[in-house]
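Laboratory data are not the source of any read-out in this text; all were calculated from the coordinates shown. Bear in mind the structure is a predicted one, so any value in this text is a computation, not a measurement. We place every Cβ from the backbone using ideal geometry, glycine too, and count neighbours over all the protein chains shown.
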């Protein structure tokens with residue numbers, strides 16, 4: 001009967017032996033109290049995505065060129081091209097010349 005009743009594998013449960021959960025809970029509580037009192041955590045503790053914005057472009061020449069040149073193929077051109085293709089398709093389907 002093991003053909004029809006296959007056992008499900010055990011779920012993965014990661015147990016970290018190097019962390020102290022009570023310390024993590026205490027740290028979260030301290031951060032929450034600081035936030036309630038109006039004290040913000042220091043910049044070392046808080047992740048700020050604005051600090052990293054635009055740094056990738058500074059280190060890649062290809063991305064710098066694309067940013068400086070802009071896009072050559074704009075939305076109006078794309079819409080006009082799609083419209084022209086639809087008109088050509090209509091004439092091909094109806095056979096009108």
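Please build a GNM for the chain, connecting alpha carbons under 10 Å apart, and tell me which residue among 66, 26, 86 fluctuates the most. The residue with the greatest mean-square fluctuation here is 86. Kindly state, to the nearest 0.05, the FRET efficiency for residue 10 paired with residue 30, given R0 = 41 Å and r defined as their beta-carbon distance. Efficiency, rounded to the nearest 0.05: 0.70. Helical runs assigned H by DSSP (4 residues or longer) give the chain a calculated mean residue ellipticity at 222 nm of -16500 deg cm²/dmol, each run adding -39500 (n - 2.57) before division by the residue total.
Largest mean-square fluctuation among 53, 14, 65, in a Gaussian network model of the chain whose springs join Cα atoms under 10 Å apart, belongs to 14.
Counting only alpha carbon atoms, the long axis of helix 21-37 and the longest principal axis of the chain meet at about 70°. Considering the chain as a Gaussian network with a 10 Å cut-off on Cα pairs, which listed residue, 73, 56, 12, attains the greatest mean-square fluctuation? Between 73, 56, 12, it is 12 that shows the largest mean-square fluctuation. Here the simple spin-label model places points 7 Å from the Cα toward Cβ, and for residue 17 and residue 56 these points are separated by 3.9 nm.
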